[in-house]
Amino acid sequence: MNLEFINALKEIEKEKGISAEVLLQAIEHALLTAYRKNFGSAQNARIEIERDTGEIKVFAKKNVVEAVTDPRLEITPEEAKRLNPAYDGSSDTVEVEVTPSNFGRIAAQAAKQVVVQQIREAERGLIYEEFLSREGDIVTGVVRRQEAKNIYIDLGRAEALLAPSEQIPTEKYNRGDRIKTYVTEVKKTTKGPQILVSRTHPGLLKRLFELEVPEIYEGIVELKAVAREPGTRSKIAVYSKDENVDSIGACVGPKGMRVQAIVNELRGEKIDIIKWSSNPKEFVANALSPAKVILVAINEEEKIAKVVVPNNQLSLAIGKEGQNARLAARLTGWKIDIKSESQLHESSEELTEEQEVVHDNG
């Protein structure tokens, strides 16, 4: 090792962000292990790398005795004084240099292994920190392979795992496909960061709208709530404090381009965009779109909303296999009980003045 090696470590410090001092300490530790392996573990030795020149020296602490029985551990006073002029005879031990003549080759090999390992660990650490900061964000990658139903996605500097539970059942993932996913968790492992992503998380839909709709990104339009049944249908509730801003129109975009781009990314998932309201009756009525709602009555204590729709709108309000009503309930946080006008009359249920009539939620 020489000055050139020290300069190389300093370059690594600049390029990789790994402290040269940390590298040197790690190399010293590795060299001590190598020394004990090759020259005997009995000696109480230490390794020192000169920080300015890169020169390596091995020092061993020996007991000062009149009669030496084990040269590895003992030394006479005369020899101690010769090898270490600073020794004044007042101590029972002395530290002397014992650097082997052929230690350079062993040192170079050990140093190389340490540097490579430290660089690898540092790069893993940087990648971990990079993607940890992207939890709850969207990443774009390329499908590389499938193993036991797990999909592995190449993100450039790292690989992400799309588990079966996070895959949209209606989607097929082919090698080479470029897809967007939502980062749910980043774990630190001995093999580097494990990045877990999702195609089903509601956050994916939210972030897609933030990317496609400048008004949401800028805070002019707020995305208040999201409910998804991945691969089939979703509902989002949007709102703007600015009365001059059409929150729904902003999300739809000119000729529907903005929402269509998101539908395309989600491979055909239908998206209902509804207006959010602080009034729970209005919000529930809006959430059942595209069905028209005549009346909404709410029970604050039980968090139940009773809804009346025209007879010809009942199946539309409920949706195929109850999907529309189910998504509306998730979006609003209210349990929704839907009846048609005729069902209401048949049940002879009385309406109170507190119930609010909604003529049109369209």
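The values are calculated or read from the model by the stated rules, or taken from the named source; none is laboratory data. All figures in this text were calculated on a predicted structure; none of them were measured in a lab. Here the Cβ positions follow ideal geometry from the backbone for every residue, glycine too, while neighbour counts run over all protein chains shown.
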Hits in region 113-135 - residues which are touching a strand residue (DSSP E or B) at 6+ places or on another chain (Cβ under 7 Å) and not in a loop (DSSP other than H, G, I, E, B): Arg124, Ile127, Tyr128, Phe131, Leu132
If you go through Val98, Val68, the only one that is in contact with a Ser or Thr (Cβ under 7 Å, 6 or more places away or on another chain) and in the same structural domain as Phe39 (by TED's automatic domain parsing) is Val68
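Please find, within region 208-225, the residue that is farthest from Ala261 (Cα to Cα) out of those that are crowded, with 19+ Cβ neighbours inside 10 Å and in contact (Cβ under 8 Å) with a residue 40 or more places away in the chain. Quick ask: steps written out before the conclusion?
Start the filter on region 208-225 by keeping residues that are crowded, with 19+ Cβ neighbours inside 10 Å, which leaves 208-209, 213, 215-216, 221, 223, 225.
Still in the running and in contact (Cβ under 8 Å) with a residue 40 or more places away in the chain: 208-209, 213, 225.
Details: Leu208: 9, Phe209: 10, Val213: 11, Ala225: 20 Å.
Per the criteria, the residue is Ala225.
Is it true that Ala297 is surrounded by 16 or more Cβ atoms within 10 Å (Cβ to Cβ) and touching an Asp or Glu at 6+ places or on another chain (Cβ under 8 Å)?
Answer is yes for this residue.
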Consider Ile27 carefully, then state whether it is assigned by TED's automatic domain parsing to the domain that holds Gln113 and under 30 Å from Ile127 (Cβ atoms). yes
Considering region 136-171, residues that are in contact (Cβ under 8 Å) with a residue 40 or more places away in the chain and not in a strand (DSSP E or B), and then whichever is farthest from Val197 (Cα to Cα), we arrive at Thr170
Could you tell me which numbered condition Ile106 fails, if it satisfies all but one of (1) touching a residue at least 40 places away in the same chain (Cβ under 8 Å); (2) in a strand (DSSP E or B)? (2)
Of (1) at pLDDT below 95; (2) of a type in the set (A, V, I, L, M, F, W, C); (3) touching a Lys or Arg at 6+ places or on another chain (Cβ under 8 Å), Ala158 satisfies every one except (3)
Selection within region 91-118 - small (Gly, Ala, Ser) and closer than 22 Å to Lys10 by Cα: Gly104, Ala107, Ala108, Ala110, Ala111
Can you name the number of the only condition in (1) in contact (Cβ under 8 Å) with a residue 40 or more places away in the chain; (2) farther than 22 Å from Gly333 by Cβ that Ala237 fails? (2)
With criteria (1) part of a strand (DSSP E or B); (2) in the same structural domain as Phe209 (by TED's automatic domain parsing), Val259 comes up short on (1)
Region 190-240: strands (runs of 3 or more DSSP E) wholly inside it with 2 or more residues that are of a type outside the set (A, V, I, L, M, F, W, C) and farther than 24 Å from Gly141 by Cα are 222-229, 233-239
